[in-house]
Amino acid sequence: METAQRAVLFVDVTDSTRTYERLGDTQALGLIHQLFGLLDKASARHGGVVVKTLGDGMVCVFPHADAAMQAACDMQMVAPDASPERLAIKVGFTYGPVVLSEGDVFGDTVNVCARLVALGNAGQVLTTQQTVDALSPALRGRCRQMFPIRVRGRHEEIIACNVLWRTDPDLTEINLIPSTLTRTRETVLKLTHQGELRVLRSGGTGMRIGRDKENNLVVESHFASRVHARVFAREGHFVLQDLSSNGTYVLVDGNSAEILLRREEAVLGERGWIGLGNSATRHGDHALRYRVEPESG
């Protein structure tokens, strides 16, 4: 057993269940193994070691954060070439202290990485601000802050960051979330659903959202749970907490990738969409528009 500083990378094949249903177990498993072969090579090119594979996922360890990020970007680039089915992946990586034992890796750095990749979407690479701080300046410049998130078992929030891995310059300049994390003015949160407006002030007691008539904002959608989510103010920010069975989706304006919360929290950016139990990009009866703005005085 050894304690050391390492970068940990998780990669998951997205929609693998649908792939198995469509192609059958044998063909789907063959395609995923073929993809894993390419991902293994991408890892090795940057000094990484595959610790284990878990069904449709893979765990790798790298000596430093730069190597993990370079491998993550390579993995996203090679994944579409793995098969005619163009399997998609999502990747998360973290850097910090780990415990190495009998060819496996353990510790808080690993747990955070697992939760991070669970929040990702197809074609996305996520990391944490702590890991970004460990990157070289050139790579650090390709990371953008997203939402502060809560990870089970940790008291403090973790700031998730999106890695701009594509080489298209039009895509690498997108600012995913406005710099509102240092607000000093009093703000209000405005939620709009099918013409109804609800306003939550920073000194308010919070608001429940869901299908049940007792909620502060009733969303009559079959995607919504009876008590689906709640929003509340904390330390100058507005926090969205998922309480549902199907999850809550958040899409910040100007961001092409949405976040899926499952019994977790996220600090809301300046404006965007919230989807109860279904994608926030589909503006149906399950979707709410939100905006955080200065309180008029």
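Values as computed for the structure displayed
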read-out: Unique match (being without any contact (Cβ under 8 Å) to a residue 12 or more places away in the chain, open to solvent by 90 Å² or more (accessible area, probe 1.4 Å) and on the phi > 0 side of the Ramachandran plot) among Arg18, Arg86; value: Arg86
read-out: Residues (within 20 Å of Thr94 (Cα to Cα), at pLDDT 75 or above and β-branched (Val, Ile, Thr)) located in the stretch 143-198; value: Ile158, Ile159, Val163
read-out: Tally of residues being farther than 16 Å from Gln241 by Cα and either open to solvent by less than 10 Å² (accessible area, probe 1.4 Å) or under 23 Å from the mean Cα position of the chain (by Cα) (or both) across the stretch 207-218; value: 0
read-out: Count of the stretch 1-15 residues which are buried (at least 17 other Cβ atoms within 10 Å of the Cβ) and of a type outside the set (D, E, K, R); value: 7
read-out: Hits in the stretch 253-267 - residues which are under 30 Å from Glu186 (Cβ atoms) and at pLDDT 85 or above; value: Leu261
read-out: Wholly enclosed helices (runs of 4 or more DSSP H) of the stretch 1-83 bearing at least 2 residues of a type in the set (Lys, Arg) and touching a helix residue (DSSP H, G or I) at 6+ places or on another chain (Cβ under 6 Å); value: none
read-out: Which numbered condition Leu197 misses (of (1) in a strand (DSSP E or B); (2) hydrophobic (A, V, I, L, M, F, W, C); (3) under 27 Å from the mean Cα position of the chain (by Cα)); value: (3)
read-out: Lone unmet requirement of (1) closer than 16 Å to Ile274 by Cα; (2) modelled with pLDDT of 90 or more for Asp212; value: (1)
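Yes or no, residue by residue, for (1) surrounded by fewer than 16 Cβ atoms within 10 Å (Cβ to Cβ); (2) closer than 28 Å to Ala266 by Cβ; (3) within 14 Å of the chain's Cα centre (by Cα):
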{"site": "Val49", "(1), (2), (3)": "yes, no, no"}
{"site": "Ala68", "(1), (2), (3)": "no, yes, no"}
{"site": "Gln76", "(1), (2), (3)": "no, yes, no"}
{"site": "Gly96", "(1), (2), (3)": "no, yes, no"}
{"site": "Phe106", "(1), (2), (3)": "yes, yes, no"}
{"site": "Leu126", "(1), (2), (3)": "no, yes, yes"}
{"site": "Asp133", "(1), (2), (3)": "yes, yes, no"}
{"site": "Cys143", "(1), (2), (3)": "no, yes, yes"}
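For (1) of a type in the set (A, V, I, L, M, F, W, C); (2) under 22 Å from Leu135 (Cβ atoms); (3) touching a Pro at 6+ places or on another chain (Cβ under 6 Å), each residue gets a yes or a no:
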position: Glu21; (1), (2), (3): no, no, no
position: Leu29; (1), (2), (3): yes, no, no
position: Leu38; (1), (2), (3): yes, no, no
position: Gly48; (1), (2), (3): no, yes, no
position: Lys52; (1), (2), (3): no, no, no
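The values are calculated or read from the model by the stated rules, or taken from the named source; none is laboratory data. Note that the structure is predicted; figures quoted are calculated from it, not measured. A quick note on method: Cβ atoms are made from the backbone with ideal geometry, for glycine too, and the neighbour counts reach across all protein chains shown. Calculation scope for accessible area: heavy atoms of the full protein, side chains included, ligands and nucleic acids excluded. Shrake-Rupley method; radii C 1.70, N 1.55, O 1.52, S 1.80 Å.
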